[in-house]
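*Asks:* Structure below; questions to follow.
The values are calculated or read from the model by the stated rules, or taken from the named source; none is laboratory data. Given the structure is predicted, the values throughout are model-derived calculations rather than measurements. So basically every Cβ, Gly included, is an ideal-geometry build from the backbone, and we count neighbours across all protein chains shown.
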Amino acid sequence: MAKTKVILTSHVESLGGEADTVEVAPGYARNYLIPQGLAVPVTRANKRQLDALQQRRAEREAKELKDAEELAKSVAKLMLTIKVRTGDDGKMFGSVTSAMVLDELEHQFAVHLTKKQIHLADPIRHTGEHGVELRLHGEVTCTLRVNVESLNPTPQEEEAAAATAAA
């Protein structure tokens, strides 16, 4: 079946980014991409517009990369504290997930990310300090320090608190 060449004017998922020239089925181009303003047919006049689209895309990608690098520098300095319920022996009920990290990051530091940007190899299942990888951009990653604390103190912590109160 014959394909039609079009120039994408904005990012289309699983097809390409702005200013890419792609081959698609004629019906897809005619019935969806062109009417929605997502693409224009390849003509001599439109090829001239391609340079402007490529420049705009390069500027946008450079700005996104710069913003991600700045965010990585600021986030790397932070220590996120998450309080969880534990049993008498100090064992957690459940685990700390990327959604919990996301919520606390927005609540404590007003940093807005998506769940896909937070990468946990395994859920955090015990208290203490952990490193969580943040994938902010295709080329930018950083590590967020997360301190998981218990809401209810362990017997050792209660004894230490009683000893300091008595002294």
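*Asks:* Looking at the stretch 39-47, is at least one residue free of Cβ contacts under 8 Å to residues at least 24 places away in the same chain and either outside any helix (DSSP H, G or I) or within 23 Å of the chain's Cα centre (by Cα) (or both)?
*Replies:* yes
*Asks:* Right, here's the next one. Would you mind stating whether Arg60 is surrounded by 12 or more Cβ atoms within 10 Å (Cβ to Cβ), basic (Lys, Arg), more than 30 Å from Asn147 (Cβ to Cβ) and out of contact with any strand residue (DSSP E or B) (no Cβ under 8 Å at 6 or more places or on another chain)?
*Replies:* Considered against the rule, which asks whether it is surrounded by 12 or more Cβ atoms within 10 Å (Cβ to Cβ), basic (Lys, Arg), more than 30 Å from Asn147 (Cβ to Cβ) and out of contact with any strand residue (DSSP E or B) (no Cβ under 8 Å at 6 or more places or on another chain), Arg60 comes out as yes.
*Asks:* Could you list all residues from the stretch 71-80 that are within 15 Å of Glu129 (Cβ to Cβ) and surrounded by 12 or more Cβ atoms within 10 Å (Cβ to Cβ)?
*Replies:* Answer for the stretch 71-80, where residues must be within 15 Å of Glu129 (Cβ to Cβ) and surrounded by 12 or more Cβ atoms within 10 Å (Cβ to Cβ): Ala76, Leu78, Leu80.
*Asks:* Now for a separate question. So Gln54 ticks every box in (1) surrounded by 13 or more Cβ atoms within 10 Å (Cβ to Cβ); (2) farther than 30 Å from Thr143 by Cα; (3) assigned by TED's automatic domain parsing to the domain that holds His126 but one. Which box is left unticked?
*Replies:* Checking Gln54 against (1) surrounded by 13 or more Cβ atoms within 10 Å (Cβ to Cβ); (2) farther than 30 Å from Thr143 by Cα; (3) assigned by TED's automatic domain parsing to the domain that holds His126, the one that fails is (3).
*Asks:* Which one of Glu70, Glu61 is out of contact with any Lys or Arg (no Cβ under 9 Å at 6 or more places or on another chain) and under 30 Å from Ile124 (Cα atoms)?
*Replies:* Glu70
*Asks:* Being in a loop (DSSP other than H, G, I, E, B) and under 13 Å from the mean Cα position of the chain (by Cα): is that true of Val75 here?
*Replies:* So Val75 fails the test.
*Asks:* Report, by residue number, each residue of the stretch 15-38 that is in a loop (DSSP other than H, G, I, E, B) and at positive phi.
*Replies:* Ala19, Gly37 - these are the residues of the stretch 15-38 that are in a loop (DSSP other than H, G, I, E, B) and at positive phi.
*Asks:* Next question, about the same structure. Go over the candidates Asp20, Asp103 one by one and state the one that is surrounded by fewer than 15 Cβ atoms within 10 Å (Cβ to Cβ) and acidic (Asp, Glu).
*Replies:* After applying the criteria, what remains is Asp103.
*Asks:* Same structure, new question: Which residues, taken from the stretch 82-134, are hydroxyl-bearing (Ser, Thr, Tyr) and either over 12 Å from the mean Cα position of the chain (by Cα) or not assigned by TED's automatic domain parsing to the domain that holds Asn152 (or both)?
*Replies:* Thr86, Ser95, Thr97, Thr127
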